[in-house]
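*Asks:* Pasting a structure here, questions to come.
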Amino acid sequence: MNNSREGNSQLALDDGAHIAVIGGGPTGTFFSIFALHMARMIGKELNITIYEPKDFTKDGPGGCNRCGGIISELLVQTLAVEGINLPDSVVQKGIHSYKLHTEQGSVSIATPALEKTIATVYRGGGPKGKVSPDIASFDNFLLEQAVREGAVRKPVRIDRIVLKNTKPVLYAKDAEIQEADLVVGACGINSTAPKIFEQMGFGYTEPEKITAAIAEIGLDEKVIADCFGSSINLFLLPDRNIKFAAMIPKGTYVTLCILGKKVTARTMKDFLNNPVTKAVLPDTMPYEIHCSCLPKMNIRAPKKPFTDRVVMCGDAGSTRLFKDGLGAAYLMGKAAAKTAVFDGVGADEFRANYYPVYKSIIYDNYFGAMLYFVIDIYRKWKYLTKAMIHVVDKEQQSSRDEKILSAMLWDMFTGNERYKNVFMKSLKIRMHADMWEGLFKGLVRGKNETG
Ligand SMILES: Cc1cc2nc3c(=O)[nH]c(=O)nc-3n(C[C@H](O)[C@H](O)[C@H](O)COP(=O)(O)OP(=O)(O)OC[C@H]3O[C@@H](n4cnc5c(N)ncnc54)[C@H](O)[C@@H]3O)c2cc1C
């Protein structure tokens, strides 16, 4: 791609401009919904085509954008304010608490603000082999919203983009598909699509990523209610390869997500055989894994996410480290739409108006990385794990309003708060005093037991 003119003049979207959105996951659909809406506010009509080869009503990995399906309470509320109300068929369960499991004990953390509820969803049509009227896909719901707003959905996989006369032209299977005034790269990182943008040569590189694991465990509804209730079960184990794992109840399934370093199918088996996990699962009943996959997770954003008439968003750009990718998809899709409609689609406009939002997520992830570094120490050293459980337990039983560590852990693993705000909470003296007390008690008990 010839970038010699990049940013040399203001590029605005005219009435009737054509936008090609590569990927109909949450980022692509949020972009489309907001761009169409905002354009109408200023009396313009846009022609938005969403290219999405997947059928999200299908069961199994083929119809699914592989994720834990946790929608933070903040995102549920933000969407409601935007007029996007998740229907009951999409929301599989409302979550009111977390159960934290460690080798040194387990503890429940109730939602810090009782009126708020986390929603769990399926991204596709549900686990493999299970097509049910009770399961409606979150991604399909958003895609239908975008189509209702006026977007056109084409089930096409784009495999090449070239610049002709300063405008990007899209190709699929060597056939020219469309010339666009703007291309939105909302293709995620689970296909070779980011390479298409890399090959355009404007400086974009695929995000750094790790492999995670997801499995859908089929269980009787009553067993799920008894073992999991409406809680997300979070595991912080001293395993080198597992940063953390979560089991998320949904109808007659529990979604297992494992994040860590070298996650493979073997990691999943080892995790399910760990005594801490076994204690949570029912011992009287065999469970079945209906569906599993090893999706990629973005852990470092590319530095150059735009050029004239091209912008990269969501997982293909910057997203929140280890949590709330859907919240980030909303944020970045909306920021790109706002810039494109109100400011323009040139590199200068994206640099001035879209890039600050993009960078704010990168900056916040530095705080996230620091917090995970500390959590890694706590989960690996048993006396610190004990102290953590002691403090959370004490806080949960206390009538004190300020439950600092409980709130920190809650916010750490939900999309409720930015990492920076969680980090700020960690500076409170009272929590450290409680931790030292817990650590001291644990050490004395340990000494007495060995003595
Ligand atoms: C293990 C795991 C668990 C997670 N759990 C959660 C969670 O509980 N909550 C949460 O908020 N986030 C979670 N995430 C993150 C979340 O899944 C992502 O951040 C989110 O899906 C990003 O949305 P996106 O639209 O950018 O990309 P995607 O959801 O990946 O969508 C990209 C779309 O682009 C399409 N596409 C790809 N290539 C092409 C092409 N060439 N042409 C046309 N279309 C194309 C794909 O088919 C896909 O539909 C998790 C991630 C992982 C890996």
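The values are calculated or read from the model by the stated rules, or taken from the named source; none is laboratory data. Small disclaimer: the values here were computed from a predicted structure and weren't measured. Cβ sites come from the backbone with ideal geometry, for glycine too, and all protein chains shown count toward neighbours. Areas reflect the complete protein model, heavy atoms only, side chains present, ligands, DNA and RNA absent. Shrake-Rupley method; radii C 1.70, N 1.55, O 1.52, S 1.80 Å.
*Asks:* When residues of region 203-224 are filtered for being open to solvent by less than 60 Å² (accessible area, probe 1.4 Å) and in a helix (DSSP H, G or I), how many remain?
*Replies:* 2
*Asks:* Which count do you get for residues in region 292-305 that are within 10 Å of the ligand (Cβ to nearest atom), outside any strand (DSSP E or B) and open to solvent by 10 Å² or more (accessible area, probe 1.4 Å)?
*Replies:* Within region 292-305, residues that are within 10 Å of the ligand (Cβ to nearest atom), outside any strand (DSSP E or B) and open to solvent by 10 Å² or more (accessible area, probe 1.4 Å) number 1.
*Asks:* Which residues, taken from region 173-185, are open to solvent by less than 10 Å² (accessible area, probe 1.4 Å) and either within 12 Å of the ligand (Cβ to nearest atom) or in contact with a Gly (Cβ under 7 Å, 6 or more places away or on another chain) (or both)?
*Replies:* Passing the criteria: V183, V184, G185.
*Asks:* Identify all residues within region 252-291 that are surrounded by fewer than 20 Cβ atoms within 10 Å (Cβ to Cβ), within 16 Å of the ligand (Cβ to nearest atom) and part of a loop (DSSP other than H, G, I, E, B); write none if there are none.
*Replies:* K261, K262, T264
*Asks:* While we're here: Which residue out of T166, T102, T192 is among the hydroxyl-bearing types (S, T, Y) and not assigned by TED's automatic domain parsing to the domain that holds V311?
*Replies:* After ruling out the rest, the residue left standing is T102.
*Asks:* Could you grab me the full set of residues in region 132-144 that are surrounded by fewer than 17 Cβ atoms within 10 Å (Cβ to Cβ) and either within 14 Å of the ligand (Cβ to nearest atom) or farther than 14 Å from Q92 by Cα (or both)? I'd like the intermediate steps shown before the answer.
*Replies:* To start, the set of residues in region 132-144 that are surrounded by fewer than 17 Cβ atoms within 10 Å (Cβ to Cβ) comprises 132-134, 144.
E144, the sole residue that qualifies.
*Asks:* Yes or no: T49 under 29 Å from P133 (Cα atoms), modelled with pLDDT of 95 or more, within 16 Å of the ligand (Cβ to nearest atom) and part of a strand (DSSP E or B)?
*Replies:* yes
*Asks:* Among the residues of region 306-317, write down those that are outside any strand (DSSP E or B) and away from the ligand (no atom under 12 Å from the Cβ).
*Replies:* The answer is D308, R309.
*Asks:* Only one of these is surrounded by fewer than 15 Cβ atoms within 10 Å (Cβ to Cβ), more than 24 Å from the chain's Cα centre (by Cα) and either in a loop (DSSP other than H, G, I, E, B) or on the phi < 0 side of the Ramachandran plot (or both): V156, V162. Name it. Break it down into steps so the answer makes sense when it comes.
*Replies:* Numbers: V156 fails: surrounded by fewer than 15 Cβ atoms within 10 Å (Cβ to Cβ).
Going through V156, V162 in turn, just one is surrounded by fewer than 15 Cβ atoms within 10 Å (Cβ to Cβ), more than 24 Å from the chain's Cα centre (by Cα) and either in a loop (DSSP other than H, G, I, E, B) or on the phi < 0 side of the Ramachandran plot (or both): V162.
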